[in-house]
Amino acid sequence: MSGMVHGETRNPLTELRRGVLEHCVLAVVRDRESYAFDIVRVLASAGELVTSEGTIYPLLSRLRRDHLVTTTWRESDAGPPRRYYLITDEGRRALDAFAGDWARFRDAVDALLAGGARRGESDGR
């Protein structure tokens, strides 16, 4: 994906990822507890959501501070204890709201990219 202005350093994909990553993380921990490395692995396997643990930790801290996830420490067979994350009811409401907003946003962008009707053309204006 390339920017609109030649020589511009802005990366639209990075900006899109930054805007939706929080909700993608909530989706990952919606149905089962996961620790940070697991979350990164799931996001990476989804394709364009590749991120690092360094990106995820501050995001998970913010989600915890905002009461969108809860955490539980568990012993690990492979090293130190791990912090597991699970969505809260408040987080589920935020994710559900985002899903509705995302669907409308995605449909509008898809229609424009596909050459959909311009404003006013379909209603005779």
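We did not get these values from a lab; they are worked out from the coordinates using the rules stated. The shown structure was predicted, so the numbers you read here are calculated from the model rather than taken from an experiment. Please note: Cβ atoms are built from the backbone with ideal geometry, for glycine as well, and neighbour counts cover all protein chains shown.
Taking other C-beta atoms within 10 angstrom as a stand-in for reagent exposure, 65, 82 fall in the order 65, 82, fewest first. Near residue 66, once Lys and Arg are set to +1 and Asp and Glu to -1 for all other residues with Cβ below 14 Å from its Cβ, the sum equals +2. The angle between the Cα long axis of helix 36-45 and the longest principal axis of the Cα atoms of the chain comes to about 30 degrees, rounded to the nearest 10. Can you give the angle from 0 to 90° between the axis of helix 53-65 and the longest principal axis of the chain, with both taken from C-alpha atoms, to the nearest 10? Compared with the principal axis, the helix lies near 90 degrees. The Cα center of the range 18-45 and the Cα center of the range 94-111 differ in position by 18 Å. Compared with the dominant Cα axis of the chain, that is its longest principal axis, helix 12-28 is turned about 50°.
Legend: ranking of residues 33, 15 from fewest to most surrounding C-beta atoms inside 10 Å; resulting order 15, 33. Would you mind checking the range 74-107 for residues with the amide N under 18 Å from a putative spin-label position 7 Å along Cα→C-beta of residue 38? It comes to 74-89, 92, nothing else. Near the amide H of residue 84, within less than 5 Å, lie the amide hydrogens of 72, 73, 74, all on another chain or at least 5 residues away, with H placed in the peptide plane.
From the largest down, the range 12-113 spans 50, 26, 20 angstrom on the principal axes of its Cα atoms. Residue order for 88, 72, fewest other beta carbons within 10 angstrom first, comes to 72, 88.
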